[in-house]
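A quick write-up on the structure given underneath.
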Amino acid sequence: MKFKETDIINIVIAGTAGQGVITLKRLIEFASQKAGVERNFGAENHGLAQREGAITSHTRYQKQTFKDERKNLNSPLICYGDANLYICLEPAEALRRGIYASDKTSFVLNERDIPGVMITANLEQYPSLEQIKNILYNYSDKVYSINATELCLKHFHSNQQVNIFMLGFAIPTRNIPFIEIEHYEEVIKEWFRDPETNIRALHLGINEGRNILVNKN
Amino acid sequence: MKNDTRFIQEEGRVLMLGNEALVRGCLESGVSYVSQYPGTPTSDIGEYFHQVLRENPEIGEYLVHHWAVNEAVAASACAGAAWTGCRVLNPMKHVGLNVASDALSVISLNGPNPGAMVISVGSDPGSLGSHQEQNERFYAWMFHIPTIEPHTPQECKDWIKLAFILSEKHDLVINLRTSTRSAHSRGFVELSSLVKGKSKGEFIRNIPKFNSLPPHAINNHIRLYERIEKLRESIPRLDINKIIEGDNRIGIITSGMPFGYTIEALNQLELNDVPILKLGMIYPLNYEQIIEFIHPLEKVIIIEELEPFLEMKIAEISQKRKINVEIIGEKYLPKYNEYSTGLIATNLAKIFSKKPNERINKAINYFNSYKDIIPSRFPTFCAGCPERATLYSILKATNHLENTIICGDIGCYVMSFFPPQECSDLIICMSGGLSAAIGMSTKTDQKVLAMIGDSTFFHTGMSPLAEAVGYNSNILLIIFENSWTAMTGHQDDVLRYLINQGFSIENICKAIGVPWLRIEDSYKPKTLTSTIKEALKTEGLKVIIIKRECALQAHKWRLSQIRKLEEEGKKIQDISYYIGGCQLCYECAQILSCPAIRRINTQGIEEMQIDQDRCIRCGVCYEVCPNGAIRKSIINLLEEEVPFREI
């Protein structure tokens, strides 16, 4: 997808508490600043970070604003159906905020599920991955899924890099325009505890993303 | 990792959340005292002040931040500091304003001069982090608290600075009202220079001003009207209300975050000729400015979240001035829950008789077609949480709350009502559970339990406990002494100090005369269950204190001890729990429901598994498994054991 500099970029990031949804949002926002983005406005939810809840963030930016304020980015929440990218760190969370998706949305999906307590207690059913993907495919064919958790466990012996890996995985879909890989790397070096591992995770994701795009096309 | 310089660098353009920008605005205003009780969406304000003070000790020469024990204490403490001539900030969540209101009613009457006092109330339309979504804007009318509502982080920073100037100039308490969305959305902020606050002030006696009792109470009330009128007149000069011109005969008045949704919704509907008045100050209103805006229009839509506050006032003005314009808002827009661009666009389409935006409609309809299969994911107690383990014992001791009422309260245990445990029958407010239990126990023979955490106990819990002792109420009170204000993120100066001094809730209970008192550990569920049973057979007031540290903190501390010992080259016991021969009775999943346990399906065979990454080794599931299927493995049995710390 080709974006104009005046377009408002809308990215939903959804996952569960502790998966690094807010960290990922911050990374994109701070990288967009390095990319010279003119306006940035996005909401995140605080307050229940440790407690297994569903976490969503709205990342929104506009490289160049219009003179006419009515056409500019002014709300930190994405309008229904307006997301151009939906990063799902957990499969069921791909559906929970589905109201923000439409035929213009690309989905990148981590296939590893994190069932909530009601699933463990056998009091609710978790939809199958196939069922979830089918729902997403009804939006568009731009659904890219991978077991990011498994890959991160294999490469880093930890699932802490899943969020950064998924960002890398999303980059080749060209839905986070105007931000270069170097911008992410700079932010990671400045703000992250273990920059080396996170930059490796970013590149691992980018490579996997490129492979999937090649295979898909 | 570099230090976060955004709060202290002299100039530049930085990305900040609304709350971060608000803190920056305070540092540019010479604020020298801040006091607050934590509560979403304002808790992080204090955390940023703490960060600034930790990283820049020189700022501590003039700036003091207190985590107060409750909001009323915080409000009065702030007034005290303001009356020595300092600029003070008092953040609180919307329901915190209820607690602070008794103090604020008088502080606003007296006025904060010679200093300045700004409160920052975090509203929460949609109850995103609160037990309810009250529209606390009406306090502005009641106490004459001028209220400024920012939309972007830049406005958060600029307008809190303005609030301090106005507070000082007009002797008024000013509210910079945020919402969960404006507090926790990030955008660019242009910085200005930092201003040092006063390290010392001086209180100058002024009995009529600071003693609002007859006859001074009435004089101060008259003076309050005069102060408000002066401010009202000055509004057009403050450049805080903005008009976006347009030729449409239908116009919109809005403020704060709903402005952002509205302007984007209009763009979605291609209605870019609608005039908009964006109010920065929502109380008091400058009538002339509003009349000028609505006069040429046929219809004015007021867009505001929750109950109509602006709409009532604007309808009143237009009626009194006999302006023939239709004022609408609540007729089309909901008076509950938070707004969004999609919701406003859908409703504006109706008002303007436009075809709804097709993408929005499709998005809503398709989402509605599958949303029922989305599994629920509500917040729950952390793995190893001592409160979860206590609920397990309560459920076992009462045969799943048979003939038993359990009064919940605010803290992590507010989550008790969620399934599968469903172990809370009612929630009112901070320490409302124990108070409700006092009345309830006089009118029913059902067994009455109440729960309270230590931070809530210090907030307002000691008073109802004194009353329960006084009437020997037939209640079992469970006090969770986990030694942290856990729910809001462990902001604990006072609690930590008291605990480090060896002070405990046990001492307070003894001193206040609790007739039946036991100290228990919820990691020993069998003993706790029998103690609860014993308590419920006993008439009168019973208190069980659960002494067990918050699992998040306990786990963090234990891991750091292990790391330290390992660095010293010591071997330590490595304990883990695993499941073998599970009978799928669901005792651990339905009644304890620890999130470290998950159900897996391997080639058609269902079994339970303990997630080793999440398990903190509390051992409660091992204790409760009726089939002995949860096993304990100890590697390095003869080496040093690192238990959780005692509190």
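Annotations for the structure displayed:
- Full extension of the chain between B:HIS50 and B:ASN3 yields a length gain of 15.5 nm, computed as 0.36 nm times the residue separation minus the alpha carbon distance.
- About the Cα centre, charge dipole magnitude for chain A (Lys/Arg +1, Asp/Glu -1 at Cβ), debye: 420 debye
- Remark: mean inter-chain Cβ contacts per residue of A:33-46 equal 5, using a 10 Å Cβ-Cβ cutoff to other protein chain atoms.
- Positive-end residue of A:ILE132, A:ASN147, A:PRO177, charge dipole of the range A:129-217 with Cβ unit charges: A:ILE132
- Dipole axis of the range B:544-647 (+1 Lys, Arg; -1 Asp, Glu on Cβ), positive-most option in B:ALA589, B:MET608, B:TYR578: B:ALA589
- Taking a ≥ b ≥ c as the square roots of the eigenvalues of the Cα gyration tensor, an a/c ratio of 1.5 or more together with a/b no larger than b/c marks the protein assembly as shown as oblate.
- Shape of the range A:1-67 from the C-alpha gyration tensor: prolate (a/c of 1.5 or more and a/b above b/c, with a ≥ b ≥ c the square roots of its eigenvalues).
- Report summary: the helix-based calculation at 222 nm, which adds -39500 (n - 2.57) for every DSSP H run with n ≥ 4 and divides by the residues of chain B, gives -11500 deg cm²/dmol.
- Highest mean first, the peptides B:210-216, B:419-425 sorted by other C-beta atoms within 10 Å per residue fall in the order B:419-425, B:210-216.
- Multiplying the residue separation of B:ASN337 and B:GLN289 by 0.36 nm and removing their Cα-Cα distance gives an extension gain of 14.3 nm.
- Basic side chains Lys and Arg get +1 at the Cβ, acidic Asp and Glu get -1 at the Cβ, and with that the dipole of the range B:1-68 about its Cα centre reaches some 140 debye.
- Here the Karplus relation 6.51 cos²θ - 1.76 cosθ + 1.60, evaluated at θ = phi - 60°, turns the backbone of the range B:289-296 into coupling constants of 4, 5, 4, 4, 6, 7, 3, x Hz, with x for every Gly and Pro.
- Taking chain B and dividing mean pair separation by its residue count, relative contact order in percent (alpha carbons under 8 Å, at least six apart): 10 percent
- Inter-chain Cβ neighbour average for residues B:158-169, partner chain, 10 Å: 0
- Mean partner shielding of peptide B:182-194, defined as the number of other chain Cβ atoms within 10 Å of each residue Cβ, is 4.
- With the charge dipole of the range B:120-265 set up from +1 on Lys and Arg Cβ and -1 on Asp and Glu Cβ about the Cα centre, the Cα lying farthest toward the positive end among the listed residues B:SER185, B:HIS170, B:SER120 is that of B:HIS170.
- Theoretical FRET efficiency, 1/(1+(r/R0)^6), r = Cβ-Cβ of A:GLU38 and B:VAL494, R0 35 Å, to 0.05: 0.20
- Using the average count of surrounding beta-carbon atoms within 10 Å as a protection proxy, the listed peptides A:25-35, B:528-538 rank, highest first, as A:25-35, B:528-538.
- Rounded to the nearest 20, the size of the Cβ-charge dipole of the protein assembly as shown about its Cα centre is 440 debye, with Lys and Arg at +1 and Asp and Glu at -1.
- Residue ranges A:59-70, B:96-107 sort as B:96-107, A:59-70 when ordered by packing (mean number of other C-beta atoms within 10 Å per residue, highest first).
- Here the sum of -39500 (n - 2.57) over DSSP H runs of 4 or more residues, divided by the residues of chain A, equals -11000 deg cm²/dmol at 222 nm, to the nearest 500.
- Cα gyration tensor shape of the range B:399-547, rounded if a/c is under 1.5, else prolate or oblate by comparing a/b with b/c: rounded
- For chain A, relative contact order (Cα pairs under 8 Å, six or more residues apart, normalised by length) works out to 21 percent.
Rule-based calculations on the coordinates, nothing more; no lab input. Owing to the predicted nature of the structure, the values given are computational and were not obtained by experimental measurement. Positions of Cβ are backbone-derived with ideal geometry, glycine not excepted, and every protein chain shown enters the neighbour counts.
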